Amino acid sequence: MSIISNNSSINFPDGFLWGVSTSAFQIEGCPAESSCRLSDWSHWAARNDKIKDGSNADSACEFYWRYPQDLELCAQLNVNCFRLSLNWPVLRPAQTEQFALDREALAYYKKLLASIKERGMKTFVTLFHFCLPNWLSEVGGWNNPLTGKEFALYAEAVASELGPFVDYWLTLNEPLVYVYRGYINGDWPPGYSRNYLLAFQTIRALLEAHSAAYRVIHSVCPQAQVSYVIHWRPFEPKNWFNPLDQIVRFYRNQVFNHLFPRAVDTGILEFPFPIGSDPPVREIAGPVDGLKGTIDFLALNYYTREICEFKWSCPPDVFGVQSGVKRLETAGLGWEIYADGLYYLLVEDIAPYRYSAGGQPRDIFITENGMADEFSSDLNDGDWSLDDNQRIFYLVAHLVALAKAIADGVNVKGYLHWSLLDNFEWSDGLCPRFGLVRVSYPSQERVFRKSARIYADIIAGNKIAPALLALMTR
Ligand code: FCB
C-alpha cells in the first residue's frame, strides 16, 4: 500500500512515542569509572591499539555533569521518551560479601531518572549495554557463572530502587552484536577472534541472564514491561548465484538475527544444522531455565544491511566474512542506507515474533536507528557538519518505511533515534558522529544540527509534512 500521495502528509498514530537513545559508557564520562577503570571497556579504550582514532571515553560528552542541559535539549526536540543505560560497573564497582549497589551511583541515577520523568518523558532503561564490571571481566566475564548470578542480583536491586522511574526495562542490548564483536571479530573486549565455541557459550549465558533478569524485575515490579534489544541486520550474498555465498547468508541470518529471539520464544537454544550436531555445541544447546516467552514487547535496533561472502579457510567457516561490496549510498562507517530494510524487517522478518504465545500482538519499539558522519574529534567552533542533509534523508526515509509498516498493520508504538548527542562509538572512537546534536569535544559545546530541527518538527506535528516527503525523490 502506498502511503505517500501528492500534497498530503504521513501521520503517525496518536500517542506514538518519539525519543532519543543513549548508553552510559558512550556519553557519561563518569569520573569514578575513568579514574578507577571500573569497566572492561575503560581498560580496553585505555590500550593504545584498540580505538581507531586513538580516543577514549574518559570524558565523552560529560553527560554525567551536563545532563540537565541535555534534558533541556530533549525538551527542545519535543521528544516524549528517552533511553539510557545504567552503568553496571559503577553501580557495582567491586565484589562485596553482602550484595550492595554503590550509593552515590544509585543517587545519581535516581536524580537523572526523576529529572527525565519531571519533564514528562517515558524512560527506557538498559541494564547491560556492552560494559562489564572489570572485576567480573577479570574472572572470565559471561563465561563465568558468577557474572550471571551478579547480573540477576543487580537487576533485582535496581528494579527495587529505580522501579518507579522506569517505564520499559531492557535487560541486554544487542546480545549478538556483543558476542560477534567480542568473540568473533575480536575488536571489542574480551577480544577473542573466531572463537565460535566460546561465542556460543556466551550466547547461552546471555539467554540465562536475560531470563533471570526478566523474572526478578517482574517479582519486584509486577507491572513492569521488560524485554531485551535485538539488533536486526538483513544479510545479502555478494553473489546471488554462488551457493557458497548463499550458505553464508543463511547461517548469518539464522544465528545473528534469529537465534536469540527464537530461543526466547521457545525457551530452547537451538543451533542450525549441521552446527548443532557438533558434540561440544550440542552440550551448549537445549532448554534454558524459565526463558520461554520472557518478553513483554519487541525492541528493535535497525541501521543497515550487510553483504557477505564465503571465504576459503581450513576448516571451512559457514559464517564467511563481511564483503567490502556496497550497492547503495553509504553513510559514515561505510554503512549502506537501506530504509526499505526497516519495512521488510517489520512486515516480514520479525513476523514469527510479533505475537505472544497467547496470540496478542506485541508492542514494537524501534529503540535505535541512525547514521554517522565522520569528523575529527578535535574540532570546535565553526559550522562543520551542521547541514547534515544525509541524516535528514536517512531519518525521513526510515520514518516513511516505518509508517508504511504501521499502515500495513504492524504494531509499532515508538521510534527512538540514535543518538541525542555525538558520542564515543566503541572501537571507532569519537570521530563517527551519530548525534542530532553536534558535540564539540574540546569545549563540550552542543549545537543542534539541521536534522534536530526537522526531527523536532516531525514530533511536534506527529507527522511528516509534504515538503519533507519531496526529499525522498532525490
Ligand atoms: C548499536 C549500539 C550503540 C551504538 C550504535 C551506533 O549497535 O547499540 O551503542 O554504538 O550501534
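Overview of values
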item: Failed condition for Ile275, given (1) crowded, with 16+ Cβ neighbours inside 10 Å; (2) β-branched (Val, Ile, Thr); (3) touching a Pro at 6+ places or on another chain (Cβ under 9 Å); result: (3)
item: In the stretch 348-396, the residues that are within 16 Å of the ligand (Cβ to nearest atom) and more than 22 Å from the chain's Cα centre (by Cα); result: Phe375, Ser377, Asp388
item: Residue that is least open to solvent (accessible area, probe 1.4 Å) [pool: residues in the stretch 345-387 that are farther than 23 Å from Val20 by Cα and part of a helix (DSSP H, G or I)]; result: Tyr353
item: Pairs, first at pLDDT 95 or above in the stretch 417-437, second near the ligand (Cβ under 9 Å from one of its atoms) and acidic (Asp, Glu), C-beta under 7 Å, six or more apart; result: Trp418/Glu368; Pro432/Glu425; Phe434/Glu425
item: Pairs where the first residue, in the stretch 146-170, is polar (S, T, N, Q) and the second is open to solvent by less than 10 Å² (accessible area, probe 1.4 Å), C-beta under 8 Å, 6+ apart; result: Thr147/Leu132; Thr147/Leu136; Thr147/Gly141; Thr147/Ala209
item: Residue list for the stretch 440-455, filter: closer than 27 Å to Asp167 by Cβ and either open to solvent by less than 10 Å² (accessible area, probe 1.4 Å) or among the acidic types (Asp, Glu) (or both); result: Ser451, Ala452, Tyr455
item: Residues within the stretch 419-435 that are open to solvent by less than 10 Å² (accessible area, probe 1.4 Å), of a type outside the set (A, V, I, L, M) and assigned to a loop (DSSP other than H, G, I, E, B), tallied; result: 7
item: Every residue from the stretch 175-184 that is farther than 11 Å from Ile203 by Cα and within 11 Å of the ligand (Cβ to nearest atom); result: Arg181
item: Inter-residue pairs, beta-carbon under 7 Å, first closer than 17 Å to His231 by Cβ and in the stretch 354-377, second away from the ligand (no atom under 16 Å from the Cβ) and open to solvent by 30 Å² or more (accessible area, probe 1.4 Å), 6+ apart; result: Ile364/Asn411; Ile364/Lys413; Phe365/Lys413
item: Checking Trp418 against (1) out of contact with any helix residue (DSSP H, G or I) (no Cβ under 7 Å at 6 or more places or on another chain); (2) over 25 Å from Gly15 (Cα atoms); (3) aromatic (Phe, Trp, Tyr); (4) within 16 Å of the ligand (Cβ to nearest atom), the condition it does not meet; result: (2)
item: Some residue of the stretch 389-397 being buried (at least 18 other Cβ atoms within 10 Å of the Cβ) and outside any helix (DSSP H, G or I); result: no
item: Test: residue in the stretch 5-16 that is part of a helix (DSSP H, G or I) and either open to solvent by less than 10 Å² (accessible area, probe 1.4 Å) or charged (D, E, K, R) (or both); result: no
item: Residue match in the stretch 301-312 (condition: free of Cβ contacts under 8 Å to residues at least 12 places away in the same chain, in contact with a helix residue (DSSP H, G or I) (Cβ under 7 Å, 6 or more places away or on another chain) and of a type in the set (D, E, K, R)); result: no
item: All positions within the stretch 40-53 that are in contact (Cβ under 8 Å) with a residue 24 or more places away in the chain and either part of a loop (DSSP other than H, G, I, E, B) or open to solvent by 50 Å² or more (accessible area, probe 1.4 Å) (or both); result: His43, Lys50, Ile51, Lys52, Asp53
item: Neighbours by Cβ (under 8 Å, 6+ apart or cross-chain): first from the stretch 452-469, under 22 Å from Phe434 (Cα atoms) and modelled with pLDDT under 95; second open to solvent by less than 10 Å² (accessible area, probe 1.4 Å) and hydroxyl-bearing (Ser, Thr, Tyr); result: none
item: Among the candidates Ala401, Ala407, residue that is open to solvent by less than 30 Å² (accessible area, probe 1.4 Å), away from the ligand (no atom under 12 Å from the Cβ), out of contact with any Cys (no Cβ under 8 Å at 6 or more places or on another chain) and under 25 Å from Ala351 (Cβ atoms); result: Ala401
item: Considering residues of the stretch 303-312 that are part of a loop (DSSP other than H, G, I, E, B) and in contact with a strand residue (DSSP E or B) (Cβ under 9 Å, 6 or more places away or on another chain) only, the residue nearest to the ligand (Cβ to nearest atom); result: Tyr303
item: Lone qualifier among Trp18, Trp44 - being modelled with pLDDT of 95 or more and in contact with a Pro (Cβ under 7 Å, 6 or more places away or on another chain); result: Trp44
item: Failed criterion for Tyr168 (all others in (1) more than 23 Å from Ala75 (Cβ to Cβ); (2) within 16 Å of the ligand (Cβ to nearest atom); (3) open to solvent by 10 Å² or more (accessible area, probe 1.4 Å); (4) in contact with a strand residue (DSSP E or B) (Cβ under 6 Å, 6 or more places away or on another chain) hold); result: (1)
item: Verdict on Lys149 being in contact with a strand residue (DSSP E or B) (Cβ under 7 Å, 6 or more places away or on another chain) and open to solvent by 10 Å² or more (accessible area, probe 1.4 Å); result: no
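Conditions (1) of a type in the set (S, T, N, Q); (2) within 28 Å of Ala263 (Cα to Cα); (3) not in a strand (DSSP E or B), marked per residue:
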site: Asn301; (1), (2), (3): yes, yes, no
site: Cys314; (1), (2), (3): no, no, yes
site: Phe319; (1), (2), (3): no, yes, yes
site: Gly324; (1), (2), (3): no, no, yes
site: Tyr338; (1), (2), (3): no, yes, yes
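The values are calculated or read from the model by the stated rules, or taken from the named source; none is laboratory data. Predicted, not measured: the structure shown is a model, and the values here were computed from it. Don't worry about glycine lacking a Cβ; one is built from the backbone with ideal geometry, like all the others, and counts go over all protein chains shown. These accessible areas exclude ligands, DNA and RNA; they are computed on the full protein's heavy atoms, side chains included. Shrake-Rupley method; radii C 1.70, N 1.55, O 1.52, S 1.80 Å.
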